[in-house]
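Below is one structure; the comments refer to it alone.
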Amino acid sequence: MIKTEHLTKKFGALSAVSDLNLDIKQGEFFAFLGPNGAGKTTTIKMLTGLIKPTSGRAAVAGYDIQADPIPARKRISYVPDFPFLYDKLEPVEFMHFVGGLYAMPIAEITRGTKSLFELFNLNGIRGKTIESLSHGTRQRLVIAAALLHDPEVLIIDEPTVGLDPRSTRTVKDMLKERSHNGVTIFLSTHTLDIAEELADRIGIMHRGRLIASGTMEQLRQASGQLGALEDAFLTLTREEEQEQEQATLPPTP
């Protein structure tokens, strides 16, 4: 459902993403991890067609995101870490706006809105404008809107930032349920506990390169750390930094 082949993005001399190869199957829950500046957001923007790669290709649900952008985007929902909403709209108006972008029938938008507002406890803010909502409530509204057209691929960046514990549990349960029902989840997060709890496979980016990918057990074996994901993550990224620093040292005379 998500496939990249030698995907690369350069900004001048900087290689934000280098030779990235991913193959994520239908219904797989894939967590995408990395320190700040590792290339995660740049990768997501290429997967969603927001920026063009310097070289290589990305495909979603079998459609090349550059050659066939419309059919690819019809199958995607993307929730960025800082989503944009139209502040003067009411939540139901926003849902109808999003549904209209996907050419959904009005009756289907209404049914979906009712179901999702119940799931995310949004019925109490129907008559308010979006600008009056708290950050956590806006986040729940954005996730609800992303699910309205039943996407085949959900790309979501830091979904639980600003959410209270109850809303966090709702989002985690929803993501896992969607994955079990065949939706492919691509989750970018700094919250390692969520990745460890939910993901089928985990990829770790560092300085633009995918340095490790696999199940939790495979990452433990690769890092030599038998404990939590945090231990494996820190070991793998530290080893990568040491290797890169060693490669840049001048030769000894």
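Among the listed options [x] 20.3, 59; [y] 19.4, 76; [z] 19.0, 59, the one matching Rg and Dmax of the Cα atoms in Å as calculated from these coordinates is [y].
Annotation: lysines with alpha-carbon distance below 28 angstrom to Lys45 (same-chain offsets under eight excluded): Lys3, Lys9, Lys10, Lys25, Lys74, Lys88, Lys172, Lys176. Computed from point charges on the beta carbon alone (+1 for Lys and Arg, -1 for Asp and Glu), the dipole magnitude for the chain about its Cα centre is near 720 Debye. Report, in degrees rounded to the nearest 10, the 0 to 90 angle that the Cα long axis of helix 229-248 makes with the longest principal axis of the chain. With both axes taken from Cα atoms, the answer is about 50 degrees. Computed from Cα positions, the angle between helix 106-119 and the longest principal axis of the chain comes to roughly 70 degrees. Of all beta bridges that DSSP places with both ends in the chain, some 55 percent have antiparallel geometry.
Each Lys and Arg Cβ is given +1 and each Asp and Glu Cβ -1; about its Cα centre, segment 81-150 then shows a dipole of about 160 debye.
Taking the C-alpha atoms only, the angle from helix 91-101 to the longest principal axis of the chain is near 70 degrees. In terms of Cα to Cα distance under 18 Å, which aspartates and glutamates are near enough to Lys52, apart from those fewer than 8 places away along the same chain? Within the straight-line cut-off, Lys52 pairs with Glu5, Asp19, Asp64, Asp68.
Computed from the coordinates by the stated procedures, all read-outs in this text should not be read as laboratory data. No experiment lies behind these values; they were computed from the predicted model shown. Because the Cβ atoms are built from the backbone with ideal geometry, glycine has one as well, and the counts that use them run over all protein chains shown.
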